[in-house]
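> Following this message is one structure expressed as structure tokens.
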Amino acid sequence: AGYSYTFDPEEIKIDSVWVSATNNLVNSYNEAGRRLIKYITPYGNYLDLGPDGFTWVYDVTDFEPWLHDTIDLEGGDHRELIDLRFDFISGTPPHDVHDISEVLDGTGDYAELVQSPAKEMLSAAATNDRFELRYSITGHKFSNPTNCAEFCERTHFFEIDGSRMHDWQHMTECAINPLYPQGGTWIYDRAGWCPGAPAEIFKTDLTPFITPGVDFELTYGVDADPTGVEYGSWNREVFFLQYGTPHFSVDAELYNVISPSIHDEFERFNPICDNAVVEIRNSGSTVLTTVDIEYGVVGGSTQSFTWNGNLQFMEKEVIVLPMHDLSMWAGGTSFFVNIVGANGSPDDYQENDQYTSAFELAPVLDGEFNIVFRTNSAPGESSWQIRDGYGTVLYNGGGMLANTTYTTPITLPEGCYVFSVS
């Protein structure tokens, strides 16, 4: 619909004809805003993330019902250039997300939450099998004697129909953030978040506490400050998820390779030359008690390891895979890990049993070198260590004077070592 123009040889409009629409197409969608993830922008003037920036990975499988048809996506910050990419993984999920709803959302003044916790009536469908809360709670502002709510550890809780079913305390360790160095106070632990990092995400299983087909009241609150003075606010993103029946009975999933890896979010743990670290998840309804794993550097020898434990449905576990012999790292820069058995037999779904991770080799030094360490004006906050692959401390430095340079000769036999500064 609109005007159709006629132009002369000089491309000047000389006439027009109105063309009426023969049909009206309407693209209908829900314009309500929903915050899927929260990322806190980094601190510091002159922060340089290089030409490729820094990549964080979020698992947004829970939001699959919302990621259909036409949607608008919005980033809520104007300080950095943000590139957003969705990777869709084919296959069968552990269970289907039947419904997701944002609940108890908003910002709660600390003092008001103590007096009047947030409440909401919810309905659990009788046709669903499992129910869960996915939530991120972050504290902001500080002025009272306990530096609440940004720098204080408080007990948060959920209640169902007036009975407390879950409480927790959390402070996020910010000094291990792989996006560093930043400026200002980025190293100080905070309530649920760190500068330049995703806000912490937690999950709580509601299935044992509610009855499908019966409405219930969900309450969120925070215990009072011990000084009696509540200051600041608690920002919350809380989602109520309803799932179908698990697709598999026995399914050990390789969820991640933490090291060796070249992923930005695992920079604090790489490069390595000793002990690979992987993360598994129980994606089957049966309790996972054993997982048989094969692993190694592509082109090199294959190692075997059996994990023993007790992992419930959708729980994760970090596993250390021994690789003490330096010869295990020879041959390339690609690491493989395969699950070959679970609970004593091949599992029900083998599409998530393999993982290959690119990596960089650890730097190689001569057997003799120096550690040159210069302290700042607060030397009591700094120390260093050199440990071998078994965790034994071979060299260390501490108790140093302010603004002083220390040179320590180091002699080490062939092997793999970790140098850490704290």
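The values are calculated or read from the model by the stated rules, or taken from the named source; none is laboratory data. Predicted, not measured: the structure shown is a model, and the values here were computed from it. Positions of Cβ are generated from backbone atoms using ideal geometry, with glycine treated the same way; all protein chains shown enter the neighbour counts. When the accessible area is computed, the model is the full protein with side chains, heavy atoms only, and any ligands, DNA or RNA have been set aside. Shrake-Rupley method; radii C 1.70, N 1.55, O 1.52, S 1.80 Å.
> In the range 341-363, what residues are in a strand (DSSP E or B), in contact with a strand residue (DSSP E or B) (Cβ under 9 Å, 6 or more places away or on another chain) and surrounded by fewer than 15 Cβ atoms within 10 Å (Cβ to Cβ)?
The answer is Gln354, Thr356, Ala358.
> Quick one: count up the residues across the range 371-389 that are assigned to a loop (DSSP other than H, G, I, E, B), free of Cβ contacts under 8 Å to residues at least 40 places away in the same chain and closer than 29 Å to Val320 by Cβ.
Here the count works out to 1.
> Just checking, how many residues over the range 39-56 are in contact with a Gly (Cβ under 9 Å, 6 or more places away or on another chain), closer than 25 Å to Ile137 by Cα and either in a loop (DSSP other than H, G, I, E, B) or not aliphatic (A, V, I, L, M) (or both)?
The number of residues fulfilling the criteria is 6.
> Separate question: Take the residues in the range 249-262 that are crowded, with 20+ Cβ neighbours inside 10 Å and in contact with a Gly (Cβ under 7 Å, 6 or more places away or on another chain); name whichever of them is nearest to Gly332 (Cα to Cα).
Ranking the candidates gives Asp251 first.
> Quick one: which of Leu179, Leu218 is farther than 30 Å from Thr289 by Cβ, of a type in the set (A, V, I, L, M) and at pLDDT 95 or above?
On inspection, the qualifying residue turns out to be Leu218.
> A further question on this structure: If you scan the range 204-229, which residues turn out to be in a loop (DSSP other than H, G, I, E, B) and out of contact with any Cys (no Cβ under 9 Å at 6 or more places or on another chain)?
Leu206, Ile210, Thr211, Pro212, Gly213, Val214, Asp223, Ala224, Pro226, Gly228
> I'm trying to understand the selection: among the residues of the range 314-360, which are closer than 19 Å to Thr92 by Cα and among the polar types (S, T, N, Q)?
Across the range 314-360, the qualifying residues are Asn338, Gln350, Asn352, Gln354.
> Something else now. Is it the case that some residue within the range 205-212 is more than 20 Å from Leu122 (Cβ to Cβ), hydrophobic (A, V, I, L, M, F, W, C) and open to solvent by less than 50 Å² (accessible area, probe 1.4 Å)?
For the range 205-212, residues more than 20 Å from Leu122 (Cβ to Cβ), hydrophobic (A, V, I, L, M, F, W, C) and open to solvent by less than 50 Å² (accessible area, probe 1.4 Å): absent.
> Right, here's the next one. Which one is surrounded by the fewest Cβ atoms within 10 Å (Cβ to Cβ) among residues in the range 364-384 that are over 26 Å from Ala276 (Cβ atoms) and touching a Gly at 6+ places or on another chain (Cβ under 9 Å)?
Residue satisfying both the conditions and the ranking: Gly380.
> Follow-up. Report whether or not Arg79 is within 20 Å of Pro195 (Cα to Cα) and either modelled with pLDDT under 90 or surrounded by fewer than 14 Cβ atoms within 10 Å (Cβ to Cβ) (or both).
Yes, satisfied.
> Considering only the range 396-407, state which residues are open to solvent by 40 Å² or more (accessible area, probe 1.4 Å) and in a strand (DSSP E or B).
Across the range 396-407, the qualifying residues are Asn396, Thr405, Tyr406, Thr407.
> Determine, yes or no, whether Ser123 is touching a residue at least 24 places away in the same chain (Cβ under 8 Å) and either open to solvent by 30 Å² or more (accessible area, probe 1.4 Å) or of a type in the set (Gly, Ala, Ser) (or both).
yes
> If you don't mind, another one. Checking Asp59 against (1) open to solvent by 50 Å² or more (accessible area, probe 1.4 Å); (2) in a strand (DSSP E or B), only one condition comes out false. Which one?
So the condition that Asp59 fails would be (2).
> List pairs: first in the range 42-62 and more than 30 Å from Ile89 (Cβ to Cβ), second in a loop (DSSP other than H, G, I, E, B) and open to solvent by 80 Å² or more (accessible area, probe 1.4 Å), Cβ under 9 Å, 6+ apart or cross-chain?
As it stands, the answer is Gly44/Pro181; Leu47/Pro181, since those pairs meet every condition given.
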